[in-house]
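Colleague: Here you go, one structure.
Values in this text are rule-based calculations from the coordinates and carry no lab data. Computed from a predicted model, the values in this text were never measured in an experiment. Virtual Cβ from ideal backbone geometry, glycine too; neighbours counted across all protein chains shown.
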Amino acid sequence: MRDRVYLLGGLRSHIGIRYGIFKTVRPEVLGGEILHRVWSKYGKSALPDLVLCGNAVGPGGNIGRLTVLEAGLPEEVPAMTLDLQCASALAAIDLSAAKIASGMADFILAGGTESASLAPRRIYQEWDERSRKREPEFTAAQFRPGEFSDDAMLLGAERAAKKAGISKEEADEAALLSHKRASRVEKEGCLAPYIVPLFGSTRDEAIRPRMSERLLARAPHVTNVPDGILTAANACTMNDGAAFVALASDDWVKAHGAHPMAEIKAVRVSGGDAACSPLMADQAVSQLLSREGLSYEDIDAFEYNEAFAVISADFMERHPSVKDRLNCFGGALAYGHPYGASGAEIMIHLMAILKQKNGRYGVAAIPAAGGVAEAILIENKMGRDA
């Protein structure tokens, strides 16, 4: 980073399960509620130079702009929508940081909004060859040449587990740990300052305090892969949610007397095997740390979006000395995964963890469909001079 870029803070909604508490709430409405509150809390009456909004399964168009208008922000505030699937919101933060670091902006709101409940039904035209290679109506886009399946991500996770040597027992153990940690955090209210109750929501719906080894063992498999490990309990749920963070330049922070939660130190976008996307998160982090001259032991907290337990299990196997620093508040296996919003959600969790632990460095990472991943390194600034 040439110029310093700060994370002032962020807010998120509760995370609803598909067809749960937010089943009738349009994503731009849910996102607008969060966006308005983030601007009110961190904007210091200043207009954002830009809003960058992640979204993966919405109706298309520029839902970021629609979210800005639903939020009641002045119409002078421009907005863009990003689709990097699971990593959309983290990509929004990445690109916002780049704009600020380059001097092209001083104050940006970035994040995402998603509704799996209201995802439009999609169908190929009858003359499209893809309608003959799969069912004409589909729920998942194509992410790899020659692969036409709504289960592509599940199959990729199975391949990743086989490649990494992760057993079902290890995956189930990671899922159980995620629920235990998230349940503790929910009980203790660690994330309460960062969550906005909306439309009658009272909690993150997917967290299961009573998750147990017995329930994990009984969970049905979600693929027909021989000796497959994926079940309904060690793969994340589909969800609705929204999350946004505020980013600002050094000049903006000084001019407005702001007190940032963190500073963005480095980012990394990585590409690799599109057949094994879940393994890309750790690859991106490894490349990021190597470029910055840091080791895994230098990082106080890791937030990996664990859409599948193989992601967490692989990390714990590769990096046993720091395995307790991964997803300290629990991860997507417990909270769920509102695709286009998850990057901002885990960034908020990461800042909260660093504050609680008084740690210095944290890393947020998300693998995305098609064999890509985003990773962002931040430094805690709470209690330190910005």
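Colleague: Where residues in region 279-316 are touching a helix residue (DSSP H, G or I) at 6+ places or on another chain (Cβ under 6 Å) and polar (S, T, N, Q), which of them is nearest to ALA233 (Cα to Cα)?
Modeller: SER312
Colleague: Identify all residues within region 125-164 that are under 11 Å from ALA275 (Cα atoms), of a type outside the set (A, V, I, L, M) and surrounded by 15 or more Cβ atoms within 10 Å (Cβ to Cβ); write none if there are none.
Modeller: PHE143, ARG144, GLU147, GLY156, GLU158, ARG159, LYS163
Colleague: Suppose we filter region 1-44 for residues that are farther than 25 Å from LEU354 by Cα and among the hydrophobic types (A, V, I, L, M, F, W, C); how many remain? Give the steps one after another, and end with the answer.
Modeller: Initially, region 1-44 is screened for residues farther than 25 Å from LEU354 by Cα, giving 16-33, 36.
From the residues that got through so far, the ones that are among the hydrophobic types (A, V, I, L, M, F, W, C) too are 17, 21-22, 25, 29-30.
Looking only at that region, the number is 6.
Colleague: Quick one: ALA217 ticks every box in (1) touching a Lys or Arg at 6+ places or on another chain (Cβ under 7 Å); (2) surrounded by fewer than 20 Cβ atoms within 10 Å (Cβ to Cβ); (3) more than 30 Å from ASP94 (Cβ to Cβ) bar one, so which box is it?
Modeller: (1)
Colleague: Just need a number here: residues in region 263-302 that are touching a residue at least 12 places away in the same chain (Cβ under 8 Å) and in a loop (DSSP other than H, G, I, E, B).
Modeller: Summing the residues that are touching a residue at least 12 places away in the same chain (Cβ under 8 Å) and in a loop (DSSP other than H, G, I, E, B) in region 263-302 gives 5.
Colleague: Something else: Looking only at region 311-324, filter to residues that are closer than 21 Å to PRO209 by Cα and not hydroxyl-bearing (Ser, Thr, Tyr); which one of those is surrounded by the fewest Cβ atoms within 10 Å (Cβ to Cβ)? Quick ask: steps written out before the conclusion?
Modeller: Just the residues of region 311-324 that are closer than 21 Å to PRO209 by Cα, to begin with: 312-313, 324.
Of the ones still in play, those that are also not hydroxyl-bearing (Ser, Thr, Tyr) are 313, 324.
Working: ALA313: 28, ASP324: 10.
In this case the residue turns out to be ASP324.
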